[in-house]
1. Give, in nm to one decimal, the length gained when the segment between residue 111 and residue 56 is fully stretched (0.36 nm per residue of separation minus the Cα-Cα distance).
2. In a Gaussian network model over the chain where Cα atoms closer than 10 Å are linked, find which of 82, 93, 35 has the largest mean-square fluctuation.
3. How high is the relative contact order of the chain, in percent, counting Cα pairs under 8 Å that sit 6 or more residues apart?
4. Return the single residue from 59, 88, 19 with maximal mean-square fluctuation; model: Gaussian network over the chain, springs between Cα atoms under 10 Å.
5. Once both axes come from the Cα atoms, what is the angle between helix 99-128 and the longest principal axis of the chain, in degrees from 0 to 90, rounded to 10?
6. Once fully extended, how much extra length lies between residue 100 and residue 30, figured as 0.36 nm per residue of separation less the alpha-carbon to alpha-carbon distance?
7. Relative to the present Cα-Cα distance, how much length would full extension add between residue 66 and residue 85 at 0.36 nm per residue of separation?
8. Report, in deg cm²/dmol and to the nearest 500, the calculated mean residue ellipticity at 222 nm for the chain, where each DSSP H run with n ≥ 4 adds -39500 (n - 2.57) and the sum is divided by the residue count.
């Protein structure tokens, strides 16, 4: 197995999750607002669009002949920042969200944390090569 396989698959999985999440945010904004318990359609659409752009970059990273290690490191940092921001949001303003919203935010953060961790482990493998 190539040393870059894990980081490439982690980036691709992250891209898939980002596309799905971005499309849901863009195409069913009102429903997402109901789930979260907050009505901020413009913000949800902006996050959805940003996730689609992010996904394109993840696919680009994962398909380069050489893994772009600096870009992958930035991607990991962005994923961990998402998780930290979710924690701050829930600790500071949990009362804004419905119970379903809290569960959704935690679930998304858990998937993002997993992607970031797998990317980081894969990146370390590449750098050891």
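1. That works out to 18.0 nm of additional length.
2. Top of the fluctuation ranking is 93.
3. Normalised by residue count, the contact order of the chain is 42 percent.
4. In this elastic network of the chain, the residue with the biggest mean-square fluctuation among 59, 88, 19 is 88.
5. Taking the Cα atoms of the chain, the angle to 99-128 is about 10 degrees.
6. 23.7 nm
7. 3.7 nm
8. -29000 deg cm²/dmol
Readers should treat all values here as calculations from the given coordinates under stated rules, not as data from a laboratory. Quick caveat, the model's predicted, so the values are computed rather than measured. Note that each Cβ is placed from the backbone with ideal geometry, even for glycine, and that neighbours are counted across all protein chains shown.
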